[in-house]
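What follows is a single structure, written as structure tokens, with notes after it.
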Amino acid sequence: MTTTAITPEGGQASPASMENPALHVDGLWKIFGPRADKIIGTEQANLSRKELQEKTGHVVGIRDVSFDVAPGEVFVVMGLSGSGKSTLVRLLTRLIEPTAGTVELYGEKITGMDDSALLETRRRKVSMVFQHFGLLPHRKVVDNVGFGLEVRGEGKSQRRNRAQEMVDLVGLSGYENNFPDQLSGGMQQRVGLARALAADPEILMFDEPFSALDPLIRRDMQNEVIRLHEEVGKTMVFITHDLAEALKLGDRILIMRDGEIVQIGTPDEVVGAPADEYVRDFTSEVPKSHVLTLKWVMRPDTGEVPADAPALPHDQIVRDAARIVLDHDGPCRVVDGDKVVGVVDDEDILRVVVAEEAH
């Protein structure tokens, strides 16, 4: 499977295949209805979601979705309510059975597993964090964190030690003997994170885990996910309807509408080269200088910039580069490694900032 990147000029870059992806999804469909498997491959499969429901009574949840997730990547799936994003994450572990298509986790075909192998994969290789914490109210924090290890059959001492490590990792030291109802919502979600990490999974999946939290707590939890990713380096699939959250967390973002992929790209690609009006509307309120990198605002290098001018990496965020550019008397070099790929000056920076203020 290949994905196509969007170039800063708005065109299509050459497809770039990903070797040995952590997660490989190919031709995934989910149609709800008694004759769902008879629809794929027919003309009815090409009908819109509304038309298909009107003509057949079937509802398309996911339509021919394909993508790869790299090992260690934070891959965000976002869309409005009804876009299919939560259905998608449930298909990835067959909490919902797909109508067609394949899902592979580190080369193992999830969609081809029998019930026993699937259960073992869920217990040992995949952990999920949901909006509703699902904590056991009669168990202490440390026992909630170690519950998955208990189900897996690990000894009490071993799972207690592992659970305590995870309690410490998510910043809940001192609360291990509390019960869930003695904790705030944010702290309960930290317990959920610790429980997911305790099993040492190959991939973590988050289904809008912070949607019910207050804005400040939500921001703290987003920062916590970033910190944990830096520390443990797990592959993560994160579902959200919030663009700001997607831009903050995602290495790449998949945007969905009506069960289909609209665009896959890095945050700066999604904001700098939206695939259509739907994505453009989504990103219209985003402060561009906080997301776009210098490659989106630089001009071609014509050789006029002195060799001793400041050199800035092409993937540096415009906001972070602004002070250096504005303080320097003249244009700065934009580099990709040792190669000069463009130049940027005050006007290039201010054009982005002024456009934000005008908007």
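The values are calculated or read from the model by the stated rules, or taken from the named source; none is laboratory data. Quick caveat: nothing in here was measured; it's all calculated off a predicted structure. Cβ coordinates were reconstructed from backbone atoms using ideal geometry, including for glycine residues, and neighbour counts include every protein chain displayed. We work out accessible area using only protein heavy atoms, side chains counted, and drop any ligands, DNA or RNA first. Shrake-Rupley method; radii C 1.70, N 1.55, O 1.52, S 1.80 Å.
Per q in 0.14, 0.20 1/Å, what log10 I(q)/I(0) does a Debye calculation on the alpha-carbon atoms of region 70-122 return? Calculated log10 I(q)/I(0) at the listed q: -0.42, -0.81. Taking 23 Å as the limit for the C-alpha separation, the pairs Lys234/Lys295; Lys156/Lys234; Lys50/Lys109; Lys125/Lys234; Lys85/Lys109; Lys30/Lys85 exceed it in the case of Lys234/Lys295; Lys156/Lys234; Lys50/Lys109.
Solvent-accessible area assigned to carbon and sulfur over the chain amounts to 48 percent, based on a 1.4 Å probe.
Accessible surface for region 300-353, divided over its residues, is 58 Å² per residue with a 1.4 Å probe. Accessible surface ranking for Phe133, Phe67, 1.4 angstrom probe, highest first: Phe133, Phe67. Equivalent ellipsoid of the chain: semi-axes from √(5λ) of the C-alpha gyration tensor, largest first, are 38, 29, 18 Å.
Determine the shape class of region 231-300: with a ≥ b ≥ c the square roots of the Cα gyration tensor eigenvalues, call it rounded for a/c under 1.5, and otherwise prolate if a/b is greater than b/c, oblate otherwise. Because a/c hits 1.5 or more and a/b fails to exceed b/c, region 231-300 counts as oblate. Label-to-label distance, Ser81 versus Leu119, with points set 7 angstrom from Cα along the beta-carbon direction: 3.6 nm. As a size descriptor, the averaged projected area of the C-alpha convex hull of region 46-190 was calculated at 11.6 nm². Ranking Val341, Val167 from most to least accessible surface, computed with a 1.4 Å probe over the protein chains only, gives Val341, Val167. Dividing the summed -39500 (n - 2.57) terms of all DSSP H runs of n ≥ 4 by the residue count of the chain sets its mean residue ellipticity at 222 nm at -10000 deg cm²/dmol. Sorting Ser86, Ser173 by solvent-accessible area of protein heavy atoms yields Ser173, Ser86, largest first, with a 1.4 Å probe. With respect to the chain, whose longest principal axis is taken over its alpha-carbon atoms, helix 115-124 is tilted by about 60°.
Between helix 318-327 and the chain there is an angle of about 30 degrees, using the helix long axis and the longest principal axis of the Cα atoms. Principal-axis analysis of the Cα atoms of the chain puts helix 215-232 at an angle of about 90° to the longest axis.
Would you mind classifying region 35-81 by shape? Square roots of the alpha carbon gyration tensor eigenvalues, ordered a ≥ b ≥ c; an a/c under 1.5 is rounded, otherwise it is prolate if a/b is larger than b/c and oblate if not. Taking the square roots of the gyration eigenvalues as a ≥ b ≥ c, region 35-81 is prolate. From most to least packed by mean Cβ count within 10 Å, the peptides 204-210, 193-199, 305-311, 240-246 give 193-199, 204-210, 240-246, 305-311. Can you work out the accessible area per residue across region 162-289, with the rest of the protein chains kept in place, probe 1.4 Å, in square angstrom? So region 162-289 comes to 38 Å² accessible per residue, rounded to a whole number.
The figure for Met187 is an accessible area of roughly 40 square angstrom, using a 1.4 Å probe on the protein chains alone. The charge dipole of region 280-330, taken about the Cα centre with unit charges on the Cβ atoms of Lys, Arg (+1) and Asp, Glu (-1), comes to about 220 debye, rounded to the nearest 20. Heavy-atom accessible surface of region 15-68, averaged per residue, reaches 55 Å², computed with a 1.4 Å probe. To the nearest 10, the accessible area of Tyr278 is 50 Å² with a 1.4 Å probe. Taking label positions 7 Å along the Cα-Cβ direction at both Asp320 and Met18, the computed distance is 2.2 nm, reported to one decimal.
The solvent-accessible area of Thr42, taken with every protein chain present and a 1.4 Å probe, is close to 50 Å². Sorted largest first, the principal axis extents computed over the alpha-carbon atoms of region 308-350 equal 25, 21, 13 Å.
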